[in-house]
Amino acid sequence: MATVEKGTLYVCATPIGNLGDITLRVLEVLRDADVIAAEDTRHSRKLLEHFGIKTPLTSYHQHNEKGKAQELVHRLQGGEVIALISDAGMPGISDPGQEVIRLCLSEHVPVDVLPGPNAGLTALVLSGLPNDHFIFHGFLPSTKSARKREIKGYAKLPFTQIFYEAPHRLVDTLTDLLEVCGDREAVVVRELTKLHQTVHRGTLESLKVEFQAIPPRGEICVLLAPYEEEPVQGGPVEWREEVEEGIHQGLQPKEAMKRVAQKYGISKREVYQATLDRKE
């Protein structure tokens, strides 16, 4: 049984689709809290009714976030227990929550986070793309010029990137990613954990064509494969010539061969063998 601490804000992750993904700990805190601050009280009431939870709701969304944060902190300072939830997933991750969390911390009000569903991480693991290093962006700007400007800053990041996107903007986003980043591996994940969950793997070009033909529906995650530099072309003749040019410029032979090896992504032994072949 969870034991709530008076005067604590509990940040609670809620299901992103399948209601069975809610944790026992979150259910206990939602029942024991004095009030639940919800992004959309009508939406969250359905969740609470499903689990028979009668705790009162108050709205906390992007349009009242600053003023409401002050009110919630005041109530917490008075000893109330408040559970914070968004429509789905983890509050504060592309959802309201950061404002009240930061205010609580600045006022030394205790904050606890109850882990659970998150669309970005679920999509990342499901995608099969490299996940040892990744970056989460959330939603890109809705206008084409601002979106492309932002994407340009991400084009050469050497790790998987995660974006959220609305279905009516998906083709535009795939088009802009393709134009700025070039055609590379990507994955589009729709309706995570729901009945019609689908994973679309391919390249930016193929995914663009697919969704132009069949407009998507539902909540969407777009995952972009890491940028990889194309290997510089060249062979033994070029390697020898560049070693000779380096020596002509004053480099020691070993240093000249090292630089050529780094440039072409080959071993120093291969460069050395190329110079021996020339001598023979």
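Bear in mind that the values in this text are calculations on the coordinates, not laboratory data. Keep in mind the model is a prediction, meaning the values are calculated, not measured. Cβ sites come from the backbone with ideal geometry, for glycine too, and all protein chains shown count toward neighbours.
See the values below:
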{"read-out": "Rounded FRET efficiency, nearest 0.05, which uses the C-beta distance separating LYS144 from HIS63 and R0 of 41 Å", "value": "0.95"}
{"read-out": "Per-residue Cβ neighbour rank within 10 angstrom, fewest leading, GLU28, GLU185", "value": "GLU28, GLU185"}
{"read-out": "THR3, THR175, THR198 arranged by Cβ crowding within 10 Å, fewest neighbours leading", "value": "THR3, THR198, THR175"}
{"read-out": "Computed helical MRE - 222 nm, the chain, DSSP H runs ≥ 4 contributing -39500 (n - 2.57), nearest 500", "value": "-12500 deg cm²/dmol"}
{"read-out": "Simple spin-label estimate for ALA155 and HIS168 in nanometres, 7 Å along Cα-Cβ", "value": "2.9"}
{"read-out": "Reachable lysines, given that their alpha-carbon falls under 20 Å from the alpha-carbon of LYS254 and they are not under 8 places away in the same chain", "value": "LYS263, LYS268, LYS279"}
{"read-out": "Fewest-first sequence of VAL35, VAL81 by Cβ atoms within 10 Å of each Cβ", "value": "VAL35, VAL81"}
{"read-out": "The range 236-279 - convex hull of the alpha-carbon atoms, volume per residue in Å³", "value": "56"}
{"read-out": "Euclidean distance between Cα centres, the range 1-58 to the range 207-269, Å", "value": "50"}
{"read-out": "Reduced Cα scattering model of the range 104-221, Debye log10 I(q)/I(0), q = 0.09, 0.12, 0.17, 0.24 Å⁻¹", "value": "-0.28, -0.47, -0.85, -1.58"}
